[in-house]
1. Considering only residues that are in contact with a helix residue (DSSP H, G or I) (Cβ under 6 Å, 6 or more places away or on another chain) and without any contact (Cβ under 8 Å) to a residue 40 or more places away in the chain, which ones fall in region 153-169?
2. Given Ala473, Ala449, which one is touching a Cys at 6+ places or on another chain (Cβ under 6 Å) and surrounded by 24 or more Cβ atoms within 10 Å (Cβ to Cβ)?
3. Does region 138-155 contain at least one residue that is acidic (Asp, Glu), more than 26 Å from Val285 (Cβ to Cβ) and touching a Lys or Arg at 6+ places or on another chain (Cβ under 9 Å)?
4. If you scan region 434-477, which residues turn out to be farther than 17 Å from Gly417 by Cα and part of a strand (DSSP E or B)?
5. Just one of (1) surrounded by fewer than 22 Cβ atoms within 10 Å (Cβ to Cβ); (2) out of contact with any Ser or Thr (no Cβ under 6 Å at 6 or more places or on another chain) trips up Ala255, so point out which.
6. Need pairs with beta-carbon distance below 6 Å; first residue under 15 Å from Asn306 (Cα atoms) and within region 316-327, second β-branched (Val, Ile, Thr); sequence gap 6+ or separate chains.
7. What tally of residues in region 414-430 results from selecting those that are under 19 Å from Ala478 (Cα atoms) and either among the polar types (S, T, N, Q) or part of a loop (DSSP other than H, G, I, E, B) (or both)?
8. Tell me, yes or no, whether region 452-465 has at least one residue that is at pLDDT below 95 and either within 18 Å of Leu279 (Cα to Cα) or surrounded by fewer than 24 Cβ atoms within 10 Å (Cβ to Cβ) (or both).
Amino acid sequence: MSLVRDPSEIARWDDETDVLVVGLGAAGAAAALDAAATGAETLVLERAGGGGGTSAMSGGVLYLGGGTPLQQACGFEDSPEAMFRYLMASCGDAPDEEKTRRYCEGSLEHYDWLVEKGVPFKPVFYHGCSGEPPTDDGLVWSGSERAWPFCEAAEPAPRGHVPQMEHQAGPLLMQSLVSATEASPARVATGHRAVALVQEPDGSVVGAVCESFGETRNLRARRGLVLTTGGFIQNRAMLEAHAPRARRCKFRVGAEGDDGSGIALGVAAGGATLHMDALSISLPVTQPWGLKRGILVNGQGQRFINEDAYYGRLGEYALLRHDGRAWLVVDDAVFEKPDYPRELAAVGESPGELECELDLPAGSLDTTLALYNRHAERGEDPLFHKQADYLQPLSRPPFGAFDCTSTSSLYAAFTLGGLHTDPDGRVLDPAGDPIPGLFAAGRASSGLAVGGYSSGLSLGDGTYFGRRAGACAARNGAP
């Protein structure tokens, strides 16, 4: 079946609205709320039996900053400019400068909006984890802000804002946003899957064809349609075409609906895509943080990164730059049980014994450790500039190597690429011109991170740009 229909093929409209939002995750709820706030009639479609999607399965961290009330209550100073410099330095090659600037400048207002919609944040800072804490505390470090080279680009500040729920706050975040949506004038229709867009000959998107419980329904969007359907981590063919190394990750972060269907609809209507090869790849090997005192080595027995970096950066470097061949080497003084299940690939009384068990080049690990230890004794790391807090000579046998290979270890991945949008969520064609009536947000679009992920960016940019997309759709696409 074609993904695009001409209005002449539509015998009748089964329902109509000003703004039609496809997908009720975090981005979809935000789009619906701000569209409805303008007075525009708004209808949200959700293929499942209720809202939530991948957002409800997440840790719930939102990347916010610039001096939010939560940061201030926890005793941290921040500014939109420092946040902007960090994101521009850390979010991969060529992140969208305009989107990043607007996000940082709008972060304070967006925090207030979330609180207004019922999202609670406990004004307590939790030290010792990257991402959602085991407590209900509200603020954490969630990126590489304190790690080199980013600590030189901007003054570090924790920006991981976590709703007040222990361990995994995504369910609470989505409960709050879905409840706010249901309490708003927006209507919600569950069990509706969009299978085609309705597009005028002039290119304007004016509605969608949906399947609901075996029936086909034609829904008209008088002002605009917003795609908030998630990424494509669950689509085998799309991964093979755009991001094949994601298939080597044992855990794919995404609900069943993260199958790229919304991206495909946007492309069929003439939308361009951006950064379809970009991935978030997490390797949570340095939890608890004491394990940052170990060293990560590759298949040549050499270090390749500062181990105090955010575990998403560790995963990207290990898989994308070193073919998923990596081990975390510790000694008896540093050894502790990882928070996430991880096997010891080798144990030995000397670095040489580890080399043999790991099949590393002879002498490579000996040389790497000798260089590392010599400088660590002086609290220095001239190669990768790891923080002094985590610099400790590895010299007390026995030595061990935690398995961080993609064949035997846990790598968690989700896609970052999607439809090319402007800061108002308008889907752009290959020439950079907006497609009238078509908008996108969340992981159906290419957001802030195009690599170099920090926890909370998906929920942060999804909700922020979802709001902008919904409001712009309500204005008939006027910026």
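The values are calculated or read from the model by the stated rules, or taken from the named source; none is laboratory data. Nothing here was measured: the structure is a model prediction, and the numbers come from that model. Cβ placement follows ideal geometry from the backbone for every residue including glycine, while neighbour counts extend to all protein chains displayed.
1. Hits for region 153-169: nothing passes.
2. Ala449
3. Let us first name the residues in region 138-155 that are acidic (Asp, Glu), namely 145, 152, 155.
Next, only the ones that are more than 26 Å from Val285 (Cβ to Cβ) stay: 155.
Then drop every residue that is not touching a Lys or Arg at 6+ places or on another chain (Cβ under 9 Å), which leaves 155.
Scanning region 138-155 turns up at least one residue that is acidic (Asp, Glu), more than 26 Å from Val285 (Cβ to Cβ) and touching a Lys or Arg at 6+ places or on another chain (Cβ under 9 Å).
4. Correct list: Pro434, Ile435, Pro436, Gly437, Leu438.
5. Here Ala255 meets the rest and fails (2).
6. From region 316-327, the pairs are Glu316/Ile281; Tyr317/Ile305; Trp327/Val297.
7. Result for region 414-430: 7.
8. From region 452-465, those at pLDDT below 95 are 452; that's our starting set.
Next, only the ones that are either within 18 Å of Leu279 (Cα to Cα) or surrounded by fewer than 24 Cβ atoms within 10 Å (Cβ to Cβ) (or both) stay: 452.
Scanning region 452-465, I find at least one residue that is at pLDDT below 95 and either within 18 Å of Leu279 (Cα to Cα) or surrounded by fewer than 24 Cβ atoms within 10 Å (Cβ to Cβ) (or both), so the answer is yes.
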